[in-house]
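The values are calculated or read from the model by the stated rules, or taken from the named source; none is laboratory data. Remember, predicted model here, so these are calculated numbers, not experimental data. Here Cβ is always computed from backbone atoms with ideal geometry, including for glycine, and neighbour counts include all displayed protein chains. Keep in mind that these areas ignore ligands, DNA and RNA; they rest on the heavy atoms of the full protein, side chains included. Shrake-Rupley method; radii C 1.70, N 1.55, O 1.52, S 1.80 Å.
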Amino acid sequence: MSTTFYVFKASAPNARLWFDRAMPVVASQIPMEIFEAGPVEKITAFGSPSPNALRQIFVTPQAGPFKSTALVVAQSGPWIVKVRATSATLDRAGLAKRIDRHLAAIQIAPPAFAAALEAPARCIDARRFGSGKPLSDSLEEAAASATVVHARLHTTAEDLCLADAPNTHFTLLGIIDQPSSWLLLMGDAGKAIGSEAIGTARADTRQLVYVSTPAATRGAAVFDARPSLESATAAAAPLLRDPAAGLFAISTSSSNLLVKAD
């Protein structure tokens with residue numbers, strides 16, 4: 001039996017989004033053609049009174065190193081817990097029980113439980129990108145937007161909508177009521193690059209480009225207008241490689257997570 005836990009405060013805390021982000025990784029790691037995929041189930045975790053997690057279990061009758069494998073993404077407020085479990089002997093029901101035991105060993109204090117098990121609605125078409133250029137003297141403007149961006153990223157996904165991503169490797173989210181702002185989810189563990197309108201949503205407004213990770217929100221650059229996706233990601237890329245870089249950094253607290261011994 002092998003079980004891996006990933007616990008993080010995600011950019012856009014939405015269990016469905018991160019479940020969908022993680023599934024291609026699962027498909028790349030196991031021979032999907034020999035597995036029977038069970039349904040995506042809504043289950044409870046951490047003592048929640050209502051479903052706050054998504055689980056899918058795969059089983060195979062063929063001889064091999066493992067008989068079953070599963071992906072679970074659970075949410076309690078801003079916290080996302082991703083579980084990968086694989087067994088050489090357990091069937092679907094047995095693996096489900098084992099996962100329930102694992103989830104029962106995690107507590108969120110104080111309990112938040114609220115979870116989004118459906119993806120955000122589609123965005124109304126809007127022009128999100130442009131040809132803006134980075135400004136060299138922009139620290140004051142970056143700081144003015146920093147706390148607003150950080151607070152929204154790690155507390156709610158209610159003001160987000162699904163936009164058309166450049167390819168299947170990313171999930172692109174728009175900000176409702178801010179047609180020039182967006183958030184690009186990368187990987188399957190909470191990281192994102194975003195662009196936020198500063199002060200107003202006019203087409204010519206300045207934009208803060210930032211990086212969001214489970215550890216912190218960091219400012220990358222201020223652009224004189226809406227940047228292209230390519231320009232924004234180029235400005236943000238150094239912050240993904242060097243966590244100490246950036247115009248500012250707001251740390252994400254991890255003080256309310258408790259893991260009990262199983």
* Structure fact -> Note, Ala10: beta-carbon cut-off 12 Å, +1 each Lys/Arg, -1 each Asp/Glu, net +4
* **Heavy-atom accessible area ranking, 1.4 Å probe, most first, across Lys191, Lys133** => Lys133, Lys191
* Structure fact -> The percentage of the accessible area of the chain (probe 1.4 Å, all protein chains present) made up of carbon and sulfur atoms, to the nearest whole number, is 55
* To do: Mind putting a number on the dipole of the chain about its Cα centre? Charges go on the C-beta only, +1 for Lys and Arg and -1 for Asp and Glu, and I need it in Debye to the nearest 20.
  => 620
* Asked: How big is the accessible area of Phe248 in square angstrom, nearest 10, if you roll a 1.4 angstrom probe over the protein chains?
  -> 30
* Go through Thr217, Thr86, Thr168 and list them by solvent-accessible area, largest first, probe radius 1.4 Å. => Thr168, Thr86, Thr217
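Counting only protein chains, not ligands or nucleic acids, how are Val149, Val59 ordered by accessible area (probe 1.4 Å), most first?
Listed by decreasing accessible area, they come as Val59, Val149.
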* Structure fact -> The answer for the net charge of residues other than Leu240 whose Cβ lies under 12 angstrom from its Cβ, with Lys and Arg +1 and Asp and Glu -1, is +2
* Using only the Cα atoms, work out Rg/Rh for segment 2-117, with Rh taken as the Kirkwood radius, to two decimals. => 0.97
* Under 29 Å Cα to Cα from Lys9, which lysines show up? Leave out anything in the same chain fewer than 8 places away. => Lys42, Lys82, Lys97, Lys191, Lys260
